[in-house]
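The values are calculated or read from the model by the stated rules, or taken from the named source; none is laboratory data. Source: prediction; values computed, not measured. Reconstructed Cβ throughout: ideal geometry from the backbone, glycine too, with neighbour counts over all protein chains shown.
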Amino acid sequence: MDKNKCIIDACNKPKVVAIGGGTGLSILLRGIKKYTPNITAIVTVADDGGGSGVLREDLGMLAPGDIRSCLLALANTEPIMEKLLQYRFDNGRLEGQSFGNLFIAAMVGICGSFEKAVREASNVLAITGKVYPMTLDDVQLYAKLENGEIVHGESRIPKAVIESGSRIKRVYINPRKSNPLEDTLCAIKEADIIVLGPGSLYTSVIPNLLVNNIVDKIYNAKAPKVYITNVMTQPGETDGFGVLEHVKAILDHSREDLLDYVIANVDEIPKETLDNYITDGSMPVLLTDRDREYLRLKGIKLIEDDLVDVKKNYIRHDNDRLSQILMDIAEMEMGKEFKGRE
């Protein structure tokens with residue numbers, strides 16, 4: 001195939017900025033890369049639990065776990081390479097640690113900085129697009145619960161909520177003046193669509209919005225801003241939340257007029273799969289007429305679709321259908337912009 005034609009085709013594809021972390025963002029990225037190579041993932045580094053937390057404490061580096069997941073989602077490597085980087089040791093002093101986390105830690109040692117390490121890891125894995133941490137500052141996540149309790153640490157928040165029976169009122173990061181990368185700001189400015197979620201509401205998506213000046217940059221970008229609500233609630237984080245509560249949490253931590261679109265699932269989940277989640281305290285995120293009216297009054301366009309994908313009894317978003325919807329939004333808005341310049 002003509003290399004110049006490939007470059008031209010890539011230039012015509014929508015430029016997507018996807019903001020979040022964890023499993024939700026990585027699943028979305030696997031779908032989007034089938035439709036456009038112009039992807040920038042902005043990923044939380046506030047994680048302090050599991051293998052990431054151990055490396056963060058031992059080596060003083062930023063949490064690599066969510067970065068690793070997004071790199072692998074966008075990687076174009078042999079299947080054995082992905083298996084290697086996803087491998088977790090099951091005994092000894094490395095028990096529970098991911099080889100991919102160790103790979104990034106080693107790259108930090110070689111490159112001298114987390115930013116350069118992620119860039120070089122991206123080259124090694126031949127990823128489609130770019131992955132950036134939300135900040136290079138060593139941020140800690142805090143939650144203020146409705147009962148006034150302050151919880152320090154991303155991994156401790158769900159447990160504290162469950163034990164206290166008090167919901168999260170607000171989350172914040174320290175230091176509060178943490179700054180985004182310049183490359184991130186450029187990607188947001190040039191984006192054709194900016195996507196928030198899916199993913200853990202308070203510990204994966206919202207932390208990215210707490211970085212200094214990032215909300216204003218998102219708001220002032222020409223691209224439509226889209227929030228993808230979760231399919232299921234998360235115990236200790238969004239218990240009892242519907243679409244409305246998810247959207248309100250995003251707006252409360254940013255600004256009332258940030259969002260242009262909300263995408264919500266209306267697909268039914270197989271009972272046998274749903275029963276397993278209910279046993280663990282997770283429920284479907286429901287869309288009601290009250291939610292629809294709230295979004296209408298806010299001027300937020302609502303897209304309802306069947307977005308559930310069940311594999312091996314795990315409930316996930318259908319990333320292919322979700323990506324099609326996002327591409328349709330981006331291309332429609334790009335068409336409006338083009339007509340406006342005629």
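Things worth noting here:
- Any hit, segment 255-271, residues being among the aromatic types (Phe, Trp, Tyr), modelled with pLDDT of 95 or more and within 23 Å of SER204 (Cα to Cα): yes
- Pick from segment 287-324, criterion out of contact with any strand residue (DSSP E or B) (no Cβ under 8 Å at 6 or more places or on another chain), within 28 Å of ALA73 (Cβ to Cβ) and assigned to a loop (DSSP other than H, G, I, E, B), ranking: modelled with the highest pLDDT: ASN313
- Some residue of segment 253-265 being among the β-branched types (Val, Ile, Thr) and closer than 21 Å to PRO224 by Cβ: yes
- Qualifying residue in segment 211-224 (condition: at pLDDT 95 or above, over 23 Å from SER178 (Cα atoms), among the β-branched types (Val, Ile, Thr) and assigned by TED's automatic domain parsing to the domain that holds SER26): no
- Residues of segment 65-83 satisfying the condition of being assigned to a helix (DSSP H, G or I) and under 15 Å from ALA126 (Cβ atoms): CYS70, LEU71, LEU72, ALA73, LEU74, PRO79, ILE80, MET81, GLU82
Listed here are the residues, each with its yes/no results for (1) basic (Lys, Arg); (2) buried (at least 16 other Cβ atoms within 10 Å of the Cβ).
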residue	(1), (2)
GLU272	no, no
SER282	no, yes
LEU287	no, yes
ARG290	yes, no
GLY299	no, no
LEU302	no, yes
LYS311	yes, no
ARG316	yes, yes
ASP320	no, no
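- Within segment 65-102, the residues that satisfy the criterion of being more than 14 Å from ARG30 (Cα to Cα) and touching a Lys or Arg at 6+ places or on another chain (Cβ under 8 Å) are LEU85, GLY96, GLN97, SER98, PHE99, GLY100, ASN101.
- Scoring GLY197 on the criteria (1) in the same structural domain as ILE278 (by TED's automatic domain parsing); (2) modelled with pLDDT of 95 or more; (3) in contact with a helix residue (DSSP H, G or I) (Cβ under 7 Å, 6 or more places away or on another chain) leaves a single failure, condition (2).
- Filter pass, GLY49 being within 22 Å of the chain's Cα centre (by Cα) and either buried (at least 17 other Cβ atoms within 10 Å of the Cβ) or in contact (Cβ under 8 Å) with a residue 60 or more places away in the chain (or both): yes
- Number of positions in segment 252-286 that are touching a Lys or Arg at 6+ places or on another chain (Cβ under 8 Å), outside any loop (DSSP other than H, G, I, E, B) and not aromatic (Phe, Trp, Tyr): 2
- Enumeration of residues in segment 230-246 that are in a helix (DSSP H, G or I) and more than 16 Å from the chain's Cα centre (by Cα): VAL243, LEU244, GLU245
- Within segment 3-17, the presence of at least one residue that is over 23 Å from ASN319 (Cβ atoms), free of Cβ contacts under 8 Å to residues at least 12 places away in the same chain and β-branched (Val, Ile, Thr) is confirmed.
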